[in-house]
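Have a look at the structure below, then the notes.
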Amino acid sequence: MIDAGKLRHRVAFERFTGNTDEFGGAMDYADTEWSLFHSCYAAIDPASGREFYEAHQSQSEVTHKIRCRYFAGLKPSMRIRHGERFFKIISVIDWEERHESFLIMTKELVR
């Protein structure tokens, strides 16, 4: 269970609605190509030191860990918006597999 006092950041989960290339990747990352999927309160914590998340022989730097309450339909292809900041989702973990909360490993996008 998440301590409600830690959920102090209002975030928006957005899904890409624009054109994709032949591999399914986004062709244009303009803000007009993203639509709101879900919004909620979350805890945003910077990763300590240089934490890495390994998956499928590739290594991506995780800059932040975001915790929020569970909701259906969250996918790693989405992004998270917090004010003027954007986070690319690296991994989505259903914490303790109880459908109560998510632990989301992210990388902050620099604009």
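What follows is calculated from the coordinates using simple rules that are stated; it is not laboratory data. Predicted, not measured: the structure shown is a model, and the values here were computed from it. With ideal geometry, Cβ positions are generated from the backbone for all residues, glycine too; neighbour counts draw on all protein chains shown.
A few points about this structure:
- Calculated FRET efficiency for the pair Leu103/Arg10, C-beta based, R₀ 22 Å, to 0.05: 0.75
- Counting only residues at least eight positions apart within a chain, or on another chain, the lysines with an alpha carbon under 16 Å from that of Lys107 are Lys65, Lys75, Lys88.
- Two-site FRET efficiency, Ala47 against Phe23, from Cβ-Cβ distance with R₀ of 30 Å, rounded to 0.05: 0.60
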